[in-house]
Every structure is written in structure tokens, then in C-alpha cells.
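These notes are about the structure you will find just below.
Values quoted throughout were computed directly from the atomic coordinates according to the rules given, and no laboratory measurement underlies them. For clarity, every value in this text was computed on a predicted model and none was experimentally measured. We place every Cβ from the backbone using ideal geometry, glycine too, and count neighbours over all the protein chains shown.
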Amino acid sequence: MLRARADVTTCKLGSRVLTRFAPSPTGYLHLGHVVNAIYVWGVARALGGRVLLRIEDHDRIRCRPEYDEALLEDLDWLGFVPDVAPGGRKSLRQSDDSEPYERAVDDLRRTATVYACDCSRKDIGGEHYFGRCRTRGLDERPDRGLRVAIPPGIERFDDLLLGSQEQTPASQCGDLLLRDRDGNWTYQFAVAVDDYGQAVNLVIRGADLLSSTGRQIRLARMLGRVEMPLFLHHPLIEKKPGEKLSKSDRDTGVRDLRRLGLAPAEVIGRAAAAVGLVETMRPIEAASVAELFR
Ligand code: GLU
């Protein structure tokens, strides 16, 4: 599937592929994560690249240490081993250091309008934020919510599976929240800062995040990133048509499948079959997922 695109990828990236596996510890690892891991490790290895493990625990309210620990343990059990991350560490945790995000806010302030905003979801009434607080600036900061004004315009990017894409972040979502009212950095902002700061040049994730990509590219551009990563948004496991997997689905939790006596290769095989990477279910070792993409 990726054979024809592999040359394009290496030639477009111009350097060795660095991708990331970036789970949020808000629940246990499930088959949806396993599908993502198959794509991340499989494509990275097929292209001779490396995988960075980033624990996305920016939401300090929803993330829990027990999920964080379980996630690492399940990943290890499955046999997906990350390569050494920048700084010589095996994994990076967003909560380890808030300085990159603070610095990025300072960078944005030089070229864009960053303002305090404590509008609630109810105030906004949808996905699009019209900039009600835009004139507030940062002088009065009774809260910790921060937004940045997003200039209009189109963002274009290449998706290795879906082809070329076009998105218009300003009209899709309006001004982006950088930090919420509880003081948590937001997903869009933290990912844009991290993918840039960690020099990730290939982003591989589920198709449910496709609409975020234009926003993250726009933020990265505003932060000064010149070379954008390539993207691959892969199919998701669908239970019933249109219904997404949830982390609380017991029948798809890696822990539950382990308890039922399945071997790691059987869990990986089940995930691969669920998204049509193989026609019929067969055991697949983590070490050989690259074969699915060669
Ligand atoms: N942390 C996100 C999640 O677990 C994935 C983010 C990404 O790949 O950009 O859904």
C-alpha cells in the first residue's frame, strides 16, 4: 500500500522519518490504540524511521497515573518498543515540563493576538469561536484561559493514504484555545508545540483527527515552523457503522484480552483484521508489522 509512496515520503521529508505514538492516559489501551501502533511502528520501520513515545497528559483532570502506568505496561507486553527520545529518554510526558508551552505562548504574542478568554462551551454554543473576548488582551487575567486569533486562509497538506487535503482553520473553528479555564494546555496547542519541538516529520493517527490537522499546521506556522510534517490518517475500527470505539469498551481493552488468554500477536492480528490490514485474522508479532506496509 505504501510502497509507491515510500520514495515520495523519504524524498519529501529529506531526512530520516521520525514519527510518534501519542496516547492520552485517560483510559486503558484498547484495540483502537493497537491499530494506531501497527501503523506507527509499521510505517516507521518500513521507511527506516524511528518512533518517539509521547504521553499526552496535558489534560490534568482527565488523565490518571494508573492509566499512564497501564498504558506503558500494555504497550510493552504487545512488544511495541519506542526508540530513544530526545534527551536520551524512552518517553516524553507533556506534564514533565510546561516551559515549551509557556515559551510558545510568548512566541505567539510577538506575531499574533493572544488574549484571555473564559467563555464556557455553553457561551460558545458550538465548535466555532467568534472572538468575543478578542479585544480583552492580556492585561486583566482573572482566569487562566488563553486564546489566539487565527488568521483566515487555507492550509494544504499531503496525506499518505487520503491524498492532498485542504482545510480552512479560521472558518472551521475560529480562534483557538491554547489553555483552558482550568489551566490545562489544549490538545491542539500542545501537539503543535511538541511535534515542532521534537522534530516529528511524520504524523500517523486515526482519521477522527483529520479535521485537527489544518489547525495544528496553522499553529505550527504561527510558531515559526517552516517544514511541515507529512500526515497519514488511518481508518478506525467501527463497531457498528459510524460508531467509534470508546476506551471503556471492555471487549476491546488490551487488558481484558490479556485476561482472556490471548497472546500479544493475537491481539495485534485482531486489530489488523478489524481495519482490513489483513483479510483474515492471523497472529502478527509487533516486530513484523512493517511487513504489512512493504
Ligand atoms: N493523544 C491523542 C489521543 O490519544 C492523539 C493525538 C495525536 O496523535 O495527534 O487520541
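Placing pseudo-labels 7 Å out from each Cα toward the beta carbon at Arg50 and Asp107 gives an inter-label distance of 2.0 nm. Based on every Cα atom in the chain, Rg and the maximum pairwise Cα distance Dmax equal 19.4, 61 Å. Protection proxy ranking, highest mean first, for peptides 252-262, 267-277, 173-183: 267-277, 173-183, 252-262, where packing is the per-residue count of other beta-carbon atoms within 10 Å, averaged.
DSSP assigns beta bridges within the chain; of those with both partners inside it, close to 50 percent run antiparallel. Taking amide H atoms as placed 1.01 Å from N in the peptide plane, the amide H of Leu230 lies under 5 Å from those of Leu202, Val203, each 5 or more residues away in sequence or on another chain. Each Lys or Arg adds one and each Asp or Glu subtracts one; over the other residues with Cβ under 11 Å from the Cβ of Leu78, this totals -4. Near the amide H of Leu92, within less than 5 Å, lie the amide hydrogens of Leu53, Arg54, Ile55, all on another chain or at least 5 residues away, with H placed in the peptide plane.
Rg/Rh for segment 33-161 (Cα atoms only, Rh after Kirkwood) is 1.04. Computed packing ranks the peptides 286-294, 98-106 as 286-294, 98-106, most packed first, by mean other Cβ atoms within 10 Å. Convex hull volume of the Cα atoms of segment 90-199, normalised per residue: 138 Å³. Once the Cβ-Cβ distance of Glu166 and Ala199 is raised to the sixth power relative to R0 = 22 Å, the FRET efficiency obtained is 0.30. Packing-based ranking of 65-76, 186-197 yields 186-197, 65-76, ordered from highest to lowest mean Cβ neighbour count within 10 Å. Phi angles across segment 47-54 convert, under the Karplus curve 6.51 cos²θ - 1.76 cosθ + 1.60 with θ = phi - 60°, into 3J(HN,Hα) values of 9, x, x, 10, 10, 9, 9, 10 Hz, Gly and Pro given as x.
The phi-based Karplus calculation (6.51 cos²θ - 1.76 cosθ + 1.60; θ = phi - 60°) puts the 3J(HN,Hα) values of segment 150-162 at 9, x, x, x, 9, 10, 10, 8, 9, 10, 5, 9, 9 Hz, whole numbers, x for Gly and Pro.
Sequence-ordered 3J(HN,Hα) estimates for segment 63-79 from the Karplus curve with 6.51, -1.76 and 1.60 and θ = phi - 60° stand at 7, 10, x, 5, 6, 4, 4, 5, 4, 5, 5, 5, 5, 5, 4, 5, x Hz, glycine and proline given as x. With R₀ set to 22 Å, the beta-carbon distance separating Asp118 from Ile61 gives a calculated FRET efficiency near 0.85. A simple spin-label model places the labels of His128 and Val278 4.6 nm from each other, with each point 7 Å out along Cα-to-Cβ. Taking one quarter of the surface of the C-alpha convex hull of segment 151-221 gives a mean projected area of 5.1 nm². Remark on Asp159: its backbone amide H falls under 5 Å from those of Ser164, Gln165, a criterion applied only to residues 5 or more positions apart or on other chains, H modelled at 1.01 Å from N.
Distance between the 7 Å Cα→Cβ label points at Glu69 and Ser95: 1.3 nm.
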